[in-house]
Amino acid sequence: MPSPANPLGLQENDMATEATKAAGQGGEAVGMPQLDFSTWPNQIFWLLVTLVAIYLLLTRIALPRIGAVLADRKGAITNDLAAAEELKQKALKAEKAYNEALAQARADAAKIVAEARAVIQKDLDAALAKADAQIVAKSAESEGRITEIREGALAAVTEVAKDTAREIVVALGGKADARSVAAAVTARLKG
């Protein structure tokens, strides 16, 4: 059974043998190779070669491509902003033209309405004058008829009054003279 000090389950002799082998090969304890001072010049060389290769890859291939993409994007954004500004100016001009056309249409409509009103008022005034003239003519004609009717009615009432007065005088036993009856009826009608 392996103990905590001996995780592989090696016997004490085996552990000593392993330590001797390691000491016999290099004479030093084996550790991390990066910390071995004897390999540092080689590591520094390859570090410099790797850094130069990365630098060359970045400066010759990656960064020009990134720069080209950024320049394309910047150009596209600039073109889009210019196009948007141009469209904005066109929209403002179109809105201004629309508002002017709307104001002109309103002014024209008001002018047409005023002209129509004037024509209608003129026609209305002419119709009113014609109607007034017809009313005056009908009124004068009616007045004439009323006067004729009144005179006819007055003459008829006078006649009826004379006949009635004569009949009453005769009925009461008197003598009715046409002249005296006519004078009495005329005096009574006058007041």
Residue set 22, 53; condition open to solvent by less than 60 Å² (accessible area, probe 1.4 Å) and modelled with pLDDT of 95 or more; output residue 53
Using the structure shown, decide if residue 145 is charged (D, E, K, R), modelled with pLDDT under 95 and in a helix (DSSP H, G or I).
yes
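The values are calculated or read from the model by the stated rules, or taken from the named source; none is laboratory data. As the structure is a computational prediction, the values presented were derived from the model and not from experiment. Ligands, DNA and RNA are excluded from the accessible area calculation, which covers all protein heavy atoms including side chains. Shrake-Rupley method; radii C 1.70, N 1.55, O 1.52, S 1.80 Å.
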